[in-house]
Amino acid sequence: MFSFNKLVIFGVGLIGGSLARALRERAGVSGRVVGVGRSLKAVQRALELGVIDEAVTLKDDAALANALHGADIVLIAAPVAQTGPLLAQIAPLLDARTIVTDAGSTKSDVVAAAREALGARIAQFVPGHPIAGRESSGVEAALPDLYVERNVVLCPLSENAPDDVEKIAAMWRATGACVRQMSEAQHDRVFATVSHLPHVLSFALVDQILDSPDAQLKFSFAAGGFRDFTRIAASSPEMWRDICVANRAALLAELDDYVNVLARFRAAIDASDGAALEAAFARSRVARTEWQERGGIKPAGDTTAGEIAAK
């Protein structure tokens, strides 16, 4: 059974808010939840909704120190570019027993930032990534069942105590999630393929249409296929900017491979090679169907985590 006395969440939006709601409403854990944001407005809303018990801003040093005192767990649910600065700010305020984890969509850069910010206290940081989300953001979009049957990836460090890793794993299991482990390098390669590249392609298609002289006409005829393909283009531009830059090496490799596949498809179309197109499409259809039958599609979207810190 998972329990805590105090959980401090930096960024009580979709990801952080859903964790708080899941622990309280689904798991029945009664610990105190403190929300920290860049401004009082966002965390105040989380307080009004009953998602957190206390609201603190990053600018209030005294309140922040008090919030972190005695904390069992700190979750950083902010864009990955903010992880390093946040860790550097809170490092002097952390109790020796506090475990810090994150919800960032890239891991190699986050681990490097954590090592620089925490130094000798790096053992207190357990990198994590809940694979869940929605197009909607903010605490109003938070759901108590967002993580049910979703994967959460932990990327334990060699310095982490096994009990600390298990504590974070137990927290996510209490939300209904399935916890997996892999190295940060493997994580970034995998998610460059199945998450980061699809988001770039979705944004790119919309951008391509916007650049055409008859953009509004095209949008007026867009239907289900366009809706499905571009759904994730409604995601946070700030978050995906940071993810693309943070995971640029793996993402560039995936983009190059995708361009090569497009070139092959283009050549087949140019040559009117229907047999080659059908064979490629059939292969993809079988793979996608098998993935779906294995339970690859879950409700409430498939965008990755990394919610914007409360504004």
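Each value in this text was obtained by applying a stated rule to the coordinates, not by laboratory testing. All of these numbers come straight from a predicted model, not from anything done at the bench. Note that we place each Cβ from the backbone using ideal geometry, even for glycine, and neighbour counts take in every protein chain shown.
Residue order for Val194, Val139, fewest other beta carbons within 10 angstrom first, comes to Val194, Val139.
Here the calculated FRET efficiency for Leu205 and Ser183, from their Cβ-Cβ distance with R0 = 45 Å, stands at 0.90, rounded to the nearest 0.05. Checking (i) 1.07; (ii) 1.01; (iii) 1.04 against Rg/Rh (Cα atoms, Kirkwood Rh) calculated from these atoms, the matching label is (ii). Which FRET efficiency, nearest 0.05, do Asn151 and Asp273 yield, Cβ-Cβ r, R0 45 Å? E(calc), rounded to 0.05, equals 0.70. Each residue in Met171, Met239, Met182 was given a count of other beta-carbon atoms within 10 angstrom of its own, and listing them fewest first yields Met182, Met239, Met171.
Only Cα pairs within less than 10 Å get springs; with that Gaussian network setup on the chain, which residue of Gln89, Gln124, Gln208 has the largest fluctuation? Fluctuation is largest for Gln208.
If each residue's Cβ is checked for other Cβ atoms within 10 Å, how do Asp256, Asp60 rank with the fewest at the top?
Working: Asp256 9, Asp60 14.
Listing Asp256, Asp60 from fewest to most nearby Cβ atoms yields Asp256, Asp60.
DSSP loop trypsin sites (Lys or Arg not before Pro) in the stretch 151-180 with at most 11 other Cβ atoms within 10 Å of their Cβ, which ones?
Numbers: sites: Lys167, Arg173, Arg180; in loops: none.
Loop-located and lightly packed - none at all.
The local environment of Leu146, defined by Cβ-Cβ distances under 9 Å, has a net charge of +2 under the rule Lys, Arg +1 and Asp, Glu -1.
Taking amide H as placed 1.01 Å from N in the peptide plane, Arg180 has its amide H under 5 Å from the amide H of Val152, Val153, Leu154, each at least 5 places away in sequence or on another chain. Amide hydrogen proximity for Lys6: with H placed 1.01 Å from N in the peptide plane, the residues at 5 or more positions away or on another chain lying under 5 Å are Arg32, Asp72, Ile73. What does the charge count around Leu205 come to, taking other residues whose C-beta lies under 14 Å from its C-beta (Lys +1, Arg +1, Asp -1, Glu -1)? Residues close to Leu205 contribute a combined charge of 0. Per-residue Karplus couplings for the stretch 37-42, computed as 6.51 cos²θ - 1.76 cosθ + 1.60 with θ equal to phi - 60°, are listed in order as x, 6, 9, 6, 4, 5 Hz, Gly and Pro entered as x. Among residues other than Ala250 with Cβ under 14 Å from its Cβ, the summed charge is -3 (Lys and Arg +1, Asp and Glu -1). The sum of -39500 (n - 2.57) across all DSSP H runs of n ≥ 4, divided by the residue count of the chain, sets its helix-only mean residue ellipticity at 222 nm to -14500 deg cm²/dmol.
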